[in-house]
Amino acid sequence: MDYDFRGIEQRWQSYWAEHQTFKAKEDTSRPKFYVLDMFPYPSGAGLHVGHPLGYIASDIFSRYKRLRGYNVLHPMGYDAFGLPAEQYAIQTGQHPEVTTLQNIARYRRQLDRIGFSYDWDREVRTCDPAYYKWTQWAFLKMFGSYYDNRLRRARPIEELIAAFEASGTDGLDVACGEERSFTAAEWAAFSDLEKSQVLMNYRIAYQGDTAVNWCPALGTVLANDEVKDGLSVRGGYPVEQKKMTQWQLRVSAYAERLLEDLDRLDWTDSLKEMQRNWIGRSAGTEVVFKTLCGDKQKDITIFTTRVDTIFGVTFMVLAPESELVPELTTPDRKEEVAQYLAYVKKKTERERIAQTKTVTGVFSGSYGINPLTGEKVPVWISEYVLAGYGTGAIMAVPAHDSRDWAFAKKFGLEIRPIIAGCDVSEGSFDAKEGKMCNSGFLDGMDVKDAIEAAKDYVEERGLGRRKVNYRLRDAIFSRQRYWGEPFPIYYKDGIPTPVPEDKLPLTLPQVDEFRPTEAGEPPLARAKDWTYEGYPLEKSTMPGFAGSSAYYLRYMDPHNDKALVSREADEYWRNVDLYIGGTEHATGHLIYSRFWNKFLYDLGYVCEDEPFRKLINQGMIQGRSSFVYRIVGTNTFVSAGLKDQYETTEIHVDINIVHGDRLDLEAFRAWRPEFADAEFILEDGVYVCGWAVEKMSKSMFNVVNPDDICDTYGADTLRLYGMFLGPLEQSKPWDTKGIDGVNRFLRKFWRLFYDGETLLVNDEEPTPEELKTLHRLIGKEQADIEAFSYNTTISAFMIAVNDLTERKCSKRAILEPMVILLSPFAPHIAEELWHVLGHEGSVSDAAFPEYVEAYTVEDSATYAVSFNGKTRFTVQLPKSMDRAGVEAHVRALPQTGKYVGSQTIVKVIVVPGKIVNIVVK
RNA sequence: GCCCGAAUGGCGGAAUUGGUAGACGCGCUGGACUCAAAAUCCAGUGUCCCUUAAAGACGUGCCGGUUCGAGCCCGGCUUUGGGCACCA
């Protein structure tokens, strides 16, 4: 019998489905292991080979853990709300749900062919009302909570209301938008509407005015992580800054915990570093400068990490959006300031980014007073100061900050160095080193000491206080779109009011069209009767990350309609042990999920405060594009090696008609009508294509469809080859050259069982050498799989199979454990061979073979030979060698003579496995 | 500009973390089988010197250092991938 992968793969895939082999049940008698993939957005293009690579990696680990006796939870679902389906709906009128369901069906067919061990009974879809009920529920919980900075956790808003009633804001330390203070009596006197507005300042899900990334082409706002280089990540449309009232999540309240808890996670350092930078903790000082502005007195609070440089302040700068700007603009400067503000306002985000080197600004006419020196310094307005960070105002120290330096140069302001001996004629001196000068009481101190001394000084005299700032902003949670979760909020007399929990889910209404209304309202404004008890419902919907923030919890208990997850299920599965996915979610999903989980943890709904214990980032799979070269103005194509002799245009060509960089000329002519009468200039009789590694995409004709690989080689070969390409975490191009190698390996393994129709498996006793081969493999597998070094694991397998082939060993005692070892990687062929060996049932229920040290190759130990207390060289000796043996060996070494010379060795001290000390006389 | 990471044959990549560099696979060369092709199998394959072999020398981006010993550690570069980017 030959290795008939088509029959085998079909047969075993049906077997798994029929027998529910991978159905996961809570079972407290067994240890759990939760392996999760980042669920896909089902796009219209279907899967390409890059997508399932991470899924294959996690599937291998799931199957491996199963073999090791774990109760494995390995689910899959779809992140099904999102922009592309809606854009398509706007263009075609097709309901996004229809296209989404079609895409899901296609994804499922593609996934099924690869033989994953998913428990499909637990599938979730974020666009399913039974699922988004819990997204809405969580939102309501956030709406009904505030963050207590002292307890460092979220609490129900009722507790805050009780505190207001008892003593107003007195003695509170809670996360909020703006600092406010009022007494209990004042609180009691507020109207309902006023109370609602006050509470918004504290809720974890709140409505507030904010500068947002507005994308006119998409007709919606976007979160910071949805914008890159001033363009929307999806679609690449321009984005501008706009002030709008939006729902937001107070992620910033969790900044410190999100940062601290990174240390406890088993994630890669680079990913943790990305999150740390995104959170951007910076410890500094807030200092108050009084101002002189006609007869008005106004304080400017600034934030700085370098109070020690305060003696070098020669001017101050406000963000254009700062509310102090109108107050501090003197009448004679009014016109110029207004002009500048208009100029800043009409800039798009993209222009701002492109022009970061251009220095702009305007003088306000006012002066600030340096609280340490009493000196008067001008207050400027410039866009290089951001309204959203710190206090939106800075003290400028041009001698020691490059941005201030550039500004001072441009506007001719004084640059006053305060570190001895530094040269600031060509640029600022930003380093934190040297001795202070021109700085009053700080003179002569080391900069490092001065930083602390200055902080203390300012704090002790009440001129300012220590303050920690974060770059992390609150997440903007409204989208002016149709295809997302509706907010369970209605407006009762203008007061945002939650829809009662027992009325959830609040389902998405039908609309006749999916674009915004003529009045510029979101599409939900088109719905008939979009009201609750006669009051208007919120018309925006939630963003893409809403549904993906807690999906891992829902998998634990997907059919529960009483709770997001039951206590029992949560306490059994707890959190994700292994999460595999791309690094592109580092500052989006992976932050939001952690925040969302911590919030639920604070309120006692889940028992772990971090969602993903270990995280692996699989690298991106790039495409290998092929090119042909058309001579300009002709329909003649020249082979890559000769192209430099002509003036040519590079054209992407479908990689399916290129074989080993050689173009199939007939297929090329048939490919597109305009190439039907193409002429070619060949080299050595063939047309050689050029190539490049690029992103895998339709437009570059370099997409490899996993279905095609399954057709030609089978899913097992696809799985093995994908893992054999190189280290999991590394980005690499998909190059189908070389796939024959792993396919050959599978056939070779098969031939250990069969010679044509003859079954070769026998019950002979294995020789010690054969056992050694087997156990070397077991040892390698165990160590390498745990380290996700799948490529070397597969190499080890190939070595073992080559070795057994050479020995003509088809002994059951060797082959049986090997089938089990292979099953995580190539499950279909493993099932078939398990069956051939006479077993009933699935190899997935077998146990990982035990590793016996006796059969392993004799390991060597390294001994460092030291003489006169200094290590001179090392020797490698078998681990089994005893002390006397090591001693004799060392005495006989020629190197020993070199160092000991004519002296006599009186003693050799052997520390097992490590050091040999030689004592001489 | 700032913060991470990487650099090894013709190619993808190994190397027990300081101990025989190049495992495994691809490709290539030669051979066996075959009427032939495919498939399969066997042998060779870092570079240089050489008819060949032995032997030797060189060899992990570059320069220097530590060490008996460096792909791995230290200092200084170069190239490259990724993240952040007026965050005070």
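The values are calculated or read from the model by the stated rules, or taken from the named source; none is laboratory data. All of these numbers come straight from a predicted model, not from anything done at the bench. Glycine also receives a Cβ, built like all others from the backbone with ideal geometry; neighbour counts cover every protein chain displayed. Areas reflect the complete protein model, heavy atoms only, side chains present, ligands, DNA and RNA absent. Shrake-Rupley method; radii C 1.70, N 1.55, O 1.52, S 1.80 Å.
For the stretch A:145-163, residues that are in contact (Cβ under 8 Å) with a residue 24 or more places away in the chain and closer than 19 Å to residue A:194 by Cβ total 4. Considering each residue of the stretch A:284-301 in turn, none proves to be within 16 Å of RNA strand B (Cβ to nearest atom), surrounded by 21 or more Cβ atoms within 10 Å (Cβ to Cβ) and assigned to a loop (DSSP other than H, G, I, E, B). When the stretch A:231-256 is filtered for residues that are surrounded by fewer than 18 Cβ atoms within 10 Å (Cβ to Cβ) and outside any strand (DSSP E or B), the ones remaining, listed by number, are A:233, A:234, A:235, A:236, A:237, A:256. Residue A:95 falls short on exactly one of the conditions (1) in contact with a helix residue (DSSP H, G or I) (Cβ under 7 Å, 6 or more places away or on another chain); (2) buried (at least 23 other Cβ atoms within 10 Å of the Cβ), and that condition is (2).
When the stretch A:393-429 is filtered for residues that are among the polar types (S, T, N, Q), assigned to a loop (DSSP other than H, G, I, E, B) and within 13 Å of RNA strand B (Cβ to nearest atom), only A:428 remains.
It is to be established whether one or more residues within the stretch A:343-361 are within 24 Å of residue A:286 (Cα to Cα), within 15 Å of RNA strand B (Cβ to nearest atom), modelled with pLDDT of 90 or more and not in a helix (DSSP H, G or I). There is at least one residue in the stretch A:343-361 that is within 24 Å of residue A:286 (Cα to Cα), within 15 Å of RNA strand B (Cβ to nearest atom), modelled with pLDDT of 90 or more and not in a helix (DSSP H, G or I).
What pairs come out if I take residues in the stretch A:404-430 that are crowded, with 17+ Cβ neighbours inside 10 Å and pair them with residues that are assigned to a loop (DSSP other than H, G, I, E, B) and of a type in the set (Asp, Glu) whose C-beta lies under 6 Å away, six or more apart or interchain? Once the first residue is crowded, with 17+ Cβ neighbours inside 10 Å and sits in the stretch A:404-430, its partners that are assigned to a loop (DSSP other than H, G, I, E, B) and of a type in the set (Asp, Glu) give A:428/A:401.
Within the stretch A:563-573, the residues that satisfy the criterion of being part of a loop (DSSP other than H, G, I, E, B) and farther than 10 Å from residue A:131 by Cα are A:563, A:565, A:566.
Per-residue answers, yes or no, for (1) of a type in the set (Val, Ile, Thr); (2) surrounded by fewer than 19 Cβ atoms within 10 Å (Cβ to Cβ); (3) within 23 Å of residue A:486 (Cα to Cα):
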| site | (1), (2), (3) |
| --- | --- |
| A:100 | yes, no, yes |
| A:108 | no, yes, no |
| A:150 | no, yes, no |
| A:154 | no, no, no |
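For residue A:136, state whether it is closer than 30 Å to residue A:350 by Cβ and touching a residue at least 40 places away in the same chain (Cβ under 8 Å). Taking the combined requirement at face value, the residue does not satisfy it. Is it true that some residue in the stretch A:433-444 is assigned to a loop (DSSP other than H, G, I, E, B), open to solvent by less than 20 Å² (accessible area, probe 1.4 Å) and in contact with a helix residue (DSSP H, G or I) (Cβ under 8 Å, 6 or more places away or on another chain)? Yes. Confirm whether residue A:275 is open to solvent by less than 20 Å² (accessible area, probe 1.4 Å) and part of a helix (DSSP H, G or I). For residue A:275, the condition - open to solvent by less than 20 Å² (accessible area, probe 1.4 Å) and part of a helix (DSSP H, G or I) - is met. Can you confirm whether the stretch A:668-682 contains a residue that is touching a His at 6+ places or on another chain (Cβ under 9 Å) and surrounded by 17 or more Cβ atoms within 10 Å (Cβ to Cβ)? No, there is no match, as no residue in the stretch A:668-682 is touching a His at 6+ places or on another chain (Cβ under 9 Å) and surrounded by 17 or more Cβ atoms within 10 Å (Cβ to Cβ). Residue count for the stretch A:731-755 under the criterion of being open to solvent by 40 Å² or more (accessible area, probe 1.4 Å), more than 8 Å from RNA strand B (Cβ to nearest atom) and touching a residue at least 24 places away in the same chain (Cβ under 8 Å): the result is 1. Checked across the stretch A:693-700, the condition of being of a type outside the set (Lys, Arg) and either touching a helix residue (DSSP H, G or I) at 6+ places or on another chain (Cβ under 8 Å) or part of a strand (DSSP E or B) (or both) holds for at least one residue.
Of all residues in the stretch A:22-57, those being part of a loop (DSSP other than H, G, I, E, B) and either closer than 15 Å to residue A:123 by Cα or within 17 Å of the chain's Cα centre (by Cα) (or both) number 10.
Out of all the residues in the stretch A:717-741, which are of a type in the set (A, V, I, L, M, F, W, C), modelled with pLDDT of 90 or more and over 20 Å from residue A:787 (Cβ atoms)? Before you say what the answer is, go through the steps one by one.
The initial filter retains those residues of the stretch A:717-741 that are of a type in the set (A, V, I, L, M, F, W, C), namely A:718, A:720, A:723-725, A:728, A:734, A:739.
After this cut, where a residue has to be modelled with pLDDT of 90 or more as well, the list is A:718, A:720, A:723-725, A:728, A:739.
Those that are of a type in the set (A, V, I, L, M, F, W, C), modelled with pLDDT of 90 or more and over 20 Å from residue A:787 (Cβ atoms): A:718, A:739.
Look at residue A:59 and say whether it is out of contact with any helix residue (DSSP H, G or I) (no Cβ under 7 Å at 6 or more places or on another chain), at pLDDT 95 or above, open to solvent by less than 10 Å² (accessible area, probe 1.4 Å) and not small (Gly, Ala, Ser).
Details: out of contact with any helix residue (DSSP H, G or I) (no Cβ under 7 Å at 6 or more places or on another chain): yes; at pLDDT 95 or above: yes; open to solvent by less than 10 Å² (accessible area, probe 1.4 Å): yes; not small (Gly, Ala, Ser): yes.
For residue A:59, the condition - out of contact with any helix residue (DSSP H, G or I) (no Cβ under 7 Å at 6 or more places or on another chain), at pLDDT 95 or above, open to solvent by less than 10 Å² (accessible area, probe 1.4 Å) and not small (Gly, Ala, Ser) - is met.
Quick check on residue A:60: is it of a type outside the set (Lys, Arg), touching a Pro at 6+ places or on another chain (Cβ under 7 Å) and either under 30 Å from residue A:516 (Cβ atoms) or assigned to a helix (DSSP H, G or I) (or both)? Answer is yes for this residue.
Just one residue in the set A:385, A:325 is in contact with a Leu (Cβ under 7 Å, 6 or more places away or on another chain), assigned to a loop (DSSP other than H, G, I, E, B) and open to solvent by less than 60 Å² (accessible area, probe 1.4 Å); that residue is A:385. Only one entry of A:160, A:218 meets the criterion of being in a helix (DSSP H, G or I) and buried (at least 18 other Cβ atoms within 10 Å of the Cβ), and that entry is A:160.
Table: residues versus (1) assigned to a helix (DSSP H, G or I); (2) open to solvent by 30 Å² or more (accessible area, probe 1.4 Å); (3) of a type in the set (Ser, Thr, Tyr).
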| position | (1), (2), (3) |
| --- | --- |
| A:505 | no, yes, no |
| A:512 | no, yes, no |
| A:515 | no, yes, no |
| A:521 | no, yes, no |
| A:524 | yes, no, no |
| A:536 | no, yes, no |
| A:539 | no, yes, no |
| A:552 | yes, no, yes |
| A:561 | no, yes, no |
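If you check residue A:469 against the conditions, is it open to solvent by 60 Å² or more (accessible area, probe 1.4 Å), under 30 Å from residue A:400 (Cβ atoms) and touching a residue at least 60 places away in the same chain (Cβ under 8 Å)?
So residue A:469 fails the test.
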